[in-house]
Amino acid sequence: NLCGAGAASSTDLTSGVKTLILTSVFPEGLYSGAGILRQARNETGPQFAAGVADQISVGLHDANAWSTVIWSMQNVPLSTSGTATLNVPAAYNGSYYITVRHRNSIVTTSAQPVSFTATSISYSFSSPSGVFGANLKLSADGRYLIFGGDANQDGSVDTGDYTPVVNDAARYIRGYIFTDIDGNGSVDTGDYSIMVNNAARYVRTIHP
């Protein structure tokens, strides 16, 4: 959960808003190539409306103490082109780390605090230089992806993810669930491969 003690909710301070546009947000499990994400599926079809791949949470973190969440928004639509657009209360006009959380990916944070003095702010996760710790995975087509496989959202891809993924695969579980790393609507070898490969690389969240 991105919301920390004392964090404002998405409905606070709504006397005015500014626009935050995040681009090149590519969860590894949903990436299909050429800068396009597949739509996450449930047992019958796409979980979300056309053009929406999945949902993410976005948090603004204190520039001097990353663990302090200044503001956050949950269930932000992430388009199939890897773009998310959201309104941030205008009262937040300092500089903040931008942190993105996806349901079974590694939490990923901007390389530096980002200024929110403007009425429209854009930030790209398209290269390691834009991400804290350069914590992105290079795809076969040359784009950078957010590491997948953190099914239990504990900040690392490890044995804690192995157990739920393997158990659900053995039970042929279907649906829009956190163990479905590749978002195809079922837990199977595709999810296992992502999780195991990243566990072998000791992939974990890197933040300030």
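Using a probe radius of 1.4 angstrom, the carbon and sulfur fraction of the accessible surface of region 131-208 is 55%. Counting only DSSP H runs of at least 4 residues, each contributing -39500 (n - 2.57), and dividing by the residue count of the chain, the helix-based mean residue ellipticity at 222 nm comes to -3500 deg cm²/dmol. Roughly speaking, what is the centre-to-centre gap between region 43-77 and region 177-208 when only Cα atoms are used, to the nearest Å? Answer, in whole Å: 18.
Counting 0.36 nm for each residue step from residue 91 to residue 50 and taking away their Cα separation leaves a gain of 11.5 nm.
Sorting the segments 189-198, 18-27, 165-174 by their residues' average number of neighbouring beta-carbon atoms within 10 angstrom, most packed first, yields 18-27, 189-198, 165-174.
Proximity of backbone amide H atoms, modeled 1.01 Å from N, is registered between residue 18 and 88, 90 at under 5 Å, excluding neighbours fewer than 5 places apart on the same chain. Placing unit charges on the Cβ atoms only, positive for Lys and Arg and negative for Asp and Glu, gives region 6-162 a dipole magnitude near 360 debye about its Cα centre. Rounded to 0.05, the FRET efficiency of the residue 43 and residue 163 pair, given R0 = 22 Å and the Cβ-Cβ distance, is 0.50. Here the calculated FRET efficiency for residue 197 and residue 129, from their Cβ-Cβ distance with R0 = 22 Å, stands at 0.40, rounded to the nearest 0.05.
Candidate values [x] 0.97; [y] 1.29; [z] 1.21 were compared with Rg/Rh (Cα atoms, Kirkwood Rh) computed on the shown model; the agreeing label is [x].
The values are calculated or read from the model by the stated rules, or taken from the named source; none is laboratory data. The structure presented is a predicted model; accordingly, all values stated were derived computationally and were not measured. Cβ: placed from backbone, ideal geometry, glycine included. Neighbour counts: every protein chain shown. What goes into the accessible areas is simple: the full protein's heavy atoms, side chains included, and nothing from ligands, DNA or RNA. Shrake-Rupley method; radii C 1.70, N 1.55, O 1.52, S 1.80 Å.
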